[in-house]
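Following: one structure in structure tokens, then a few remarks.
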Amino acid sequence: MISNYLKGDVARFVPEGVNYLDFLKLLGQELGARAYFEIGTSGGHSLAVTQCDALCIDPKFQVELAVMNN
């Protein structure tokens, strides 16, 4: 139930658990990912943690980080 993950007032929502970027990186490492496909890349934060070939699609692609040859 979602209430298990909320602290206090819902207006001050504080998620608990692993950061999604840390999880994405760990998942790729554990599965030995050879490719990554992403829709909605935006600033490239999730792309920056991948360590394999990647295909990313975003109509307003504006990568803010060094993501090549990670």
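Brief remarks follow.
- Near pairs, Cβ below 9 angstrom, 6+ apart or cross-chain, from region 44-70 (part of a loop (DSSP other than H, G, I, E, B)) to any residue that is open to solvent by 80 Å² or more (accessible area, probe 1.4 Å) and of a type in the set (Phe, Trp, Tyr): Gly44/Phe61
- Residue tally, condition under 16 Å from Leu24 (Cα atoms), at pLDDT 85 or above, open to solvent by less than 90 Å² (accessible area, probe 1.4 Å) and aliphatic (A, V, I, L, M), over region 41-70: 4
The values are calculated or read from the model by the stated rules, or taken from the named source; none is laboratory data. Source: prediction; values computed, not measured. In this analysis, Cβ positions are derived from the backbone assuming ideal geometry, glycine residues included, and neighbour counts consider all displayed protein chains. The area values use the complete protein model at the heavy-atom level, side chains included, leaving out ligands, DNA and RNA. Shrake-Rupley method; radii C 1.70, N 1.55, O 1.52, S 1.80 Å.
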